[in-house]
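Encoded as structure tokens, the structure appears first; notes follow it.
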Amino acid sequence: MEKVFVTKPYLPPIGEYIDKISCIWDNHILTNYGPLHKEFEEKLKKYLNLSNVHYVNNGTTALALALEALDKPLGEIITTPFTFVATANAIVWQKYKPVFVDIKSNNFNIDADKIEEKINENTRAIVAVHCFGYPCDIKKINIISKKYNIPVIYDAAHTFGIKYQNESLYKQGDISIGSFHATKVFHTIEGGICIVNNYKYNDKIKSSKNFGLLNGNYEYIGINAKSSEFHAAMGLCMLNHIDEIINYRKCISNLYKSLLEDKIFIPEIPKDLEYNYIYFPIVFQNEKILIEVINNLNSENIFPRRYFYPSLNELPMFNNASITPISIDISKRVLCRPLDIYITEEIVTKICLSINETINKKVYKLVID
Ligand SMILES: *Cc1c(COP(=O)(O)O)cnc(C)c1O
């Protein structure tokens, strides 16, 4: 059998992509905000129903730009340890110290009730992650943000297409960032976005993504976060297919769920969430079972991923004394199963059979409040 990985990036029909990029051979505009880039940003804004969207070269740069735009002195940033390493990397790259707050075991997001105890005069921002696309406790985080006058950045790398209470989840926070990496639900090969919800940060991001240029003048010290016409063309093709992609992923997720119904549960999708089915996380009783499950699947050429492992405060380069028992515990027991547009019913069945056999009903239930 062909190897099955945690995800196989979607590719549009090749003819569609060639049609889209053929104009580049006429105009010789390869990058620097050419017509495809402009068209993509406009269509993206329409699709997401958002106004201040900056398409950039990847999600990690988007996060660095967002942190830079806050224009704060060095200090601490409150964040979650249960995320991809890019979240904490961007914080440290900007020379801030990440202060990890533990997560909730029901949805893997930062525990808003534990944020206040970590706030002090050195706290500069909160960087929260809507992990696996499940919304953070936005209400509580907003209240804290207002009370202490601390800006909020959401790492919304997983939330493309997600609507929460009838609007894009990207609309939350002073700034949200998204990732359009090939492994995400919507991709432009590499790519990312900054969604600026607090307009006072807009000029800074607009300028610093392009060497500091703003309306023809060098206003700030910027970097190069531009994406190319080829990447934008992929985004335009993807937009034509994203609804069917999400729909298919929904079917596969439901199939996973039904085949494991009485033994295994994923976090329940909140009622007011229009989900994008980006991942299918499951949590096992202990790490030993998880490793057994992985070994058995690997022997059948199936390669799930340990998203997210380890808990970031356990990585030596973050040199961190934060105490986050829930994140450390969950990170040892969580697995994301293969989920993409190319997975067949047959493969899903095979995966579920293998997992069912291994776990021997030793999985606990997860529920979102
Ligand atoms: C993928 C991801 C990123 C980084 O995005 P890139 O586009 O790969 O740079 C950041 N945060 C989280 C939570 C991610 O999953």
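Calculate how many DSSP beta bridges within the chain are antiparallel, expressed in % of all such bridges and rounded to the nearest 5.
55 percent
Which value in Å is the Kirkwood Rh of the chain over different Cα pairs?
Across the chain, the inverse of the average 1/r is 21.3 Å.
Picking from Leu65, Leu312, Leu259, which is most flexible by a Gaussian network model of the chain using Cα springs under 10 Å?
Leu259
Which aspartates and glutamates does Lys171 reach when only Cα atoms under 17 Å apart count, and residues fewer than 8 places away in its own chain are ignored?
Glu41, Glu42, Asp137, Asp155, Asp272, Glu274
Normalised by the number of residues in the chain, what is the relative contact order in percent for Cα pairs under 8 Å and 6+ residues apart?
23 percent
Hey, can you grab everything whose amide H is under 5 Å from the amide H of Glu268? Only 5+ residues off in sequence or another chain; H modelled, so Pro and N-termini drop out.
Ile368
Rounded, prolate or oblate: which one fits region 97-243, using the alpha carbon gyration tensor with axes a ≥ b ≥ c (rounded when a/c is under 1.5, else prolate when a/b beats b/c, else oblate)?
oblate
Within the chain, which complete DSSP H helices have Cα atoms spanning at least 18 Å along the helix axis and a mean Kyte-Doolittle hydropathy of -1.0 or higher?
14-27, 229-259, 345-359
For Lys200, which aspartates and glutamates qualify as cross-link partners when the Cα separation must be under 17 Å and same-chain residues fewer than eight apart are set aside?
Glu68, Asp71, Asp174, Glu219
Just to make sure I understand: if all protein chains stay in place, what is the order of Asp111, Asp19 by accessible area at 1.4 Å, largest first?
Asp19, Asp111
Of Lys146, Lys206, Lys118, which has the largest mean-square fluctuation in a 10 Å C-alpha GNM of the chain?
Between Lys146, Lys206, Lys118, it is Lys146 that shows the largest mean-square fluctuation.
Which of Lys104/Lys350; Lys118/Lys250; Lys95/Lys206; Lys8/Lys114 have a Cα-Cα distance over 29 Å?
Where the Cα-Cα span goes over 29 Å, the pairs concerned are Lys104/Lys350; Lys118/Lys250; Lys8/Lys114.
Going by the alpha-carbon gyration tensor, a ≥ b ≥ c the square roots of its eigenvalues, is region 169-306 rounded (a/c under 1.5) or, if a/c is not under 1.5, prolate (a/b greater than b/c) versus oblate?
Prolate shape, in that a/c is at least 1.5 and a/b is the bigger ratio.
Kindly identify region 56-110 as rounded, prolate or oblate by the Cα gyration tensor criterion: order the square roots of the eigenvalues as a ≥ b ≥ c, call it rounded if a/c is under 1.5, otherwise compare a/b with b/c, prolate if a/b is larger, else oblate.
Oblate is the answer for region 56-110, as a/c is 1.5 or above yet b/c matches or exceeds a/b.
Amide H neighbours of Asn301 under 5 Å, counting only residues 5+ apart in sequence or on other chains, H built in-plane at 1.01 Å?
Hits under the 5 Å cutoff: none.
Under the √(5λ) rule applied to the eigenvalues of the Cα gyration tensor, what semi-axes describe the equivalent ellipsoid of region 66-183? Give them in Å, descending.
20, 16, 14
The values are calculated or read from the model by the stated rules, or taken from the named source; none is laboratory data. Keep in mind that this is a model prediction, so the values were computed, not measured. Please note that ligands, DNA and RNA were not included when accessible areas were found on the heavy atoms of the full protein model with its side chains. Shrake-Rupley method; radii C 1.70, N 1.55, O 1.52, S 1.80 Å.
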